[in-house]
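Bear in mind these aren't lab numbers, they're just calculated from the coordinates by the rules spelled out. Model, not experiment: these values are computed from the prediction.
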Amino acid sequence: QVRLVESGGGSAQPGGSLRLSCAASGSIFSIYAMGWYRQAPGNQRELVASISTSGNTNYIDSVKGRFAISRDNAQNTVALQMNSLKPEDTAVYYCYVDGLGRTAVGIQRNSFWGQGTQVTVSS
């Protein structure tokens, strides 16, 4: 199976920084887009940032200029550097990978997800 293991996250004060990392391993054969979603209590999950295999990036407006996504294709990792954090950035952050990997029904292209990591921004 495919495993996505996240690290980083935790607590920060407003204006502070945190860095999230995610590593994909297991039966994954090709990785296309990678990225991060987040979900705050009572809200829908939203796409925060994504990065293509060629390095093209996309961000939601609320994090532009503050967050930076990067990936290492050789290591199958994706990272999210979060600067100038705001209380409204508080959420559970989920790593995702759009890739070709082994699922319960065989090898197919799918979205694979990490377990989520909590980010809390408060003073």
Segment 51-66 versus segment 26-50: alpha-carbon centroid distance in Å: 12 Å
Backbone HN-Hα couplings from phi across segment 55-72 [Karplus 6.51/-1.76/1.60, Hz, Gly and Pro as x]: x, 5, 10, 9, 9, 6, 4, 5, 10, 4, x, 10, 10, 9, 9, 8, 9, 10
In whole Hz, the Karplus estimates of ³J(HN,Hα) for segment 91-107 (6.51, -1.76, 1.60; θ = phi - 60°; x where Gly or Pro) are 4, 8, 9, 10, 7, 9, 9, 9, x, 9, x, 7, 10, 5, 10, x, 7
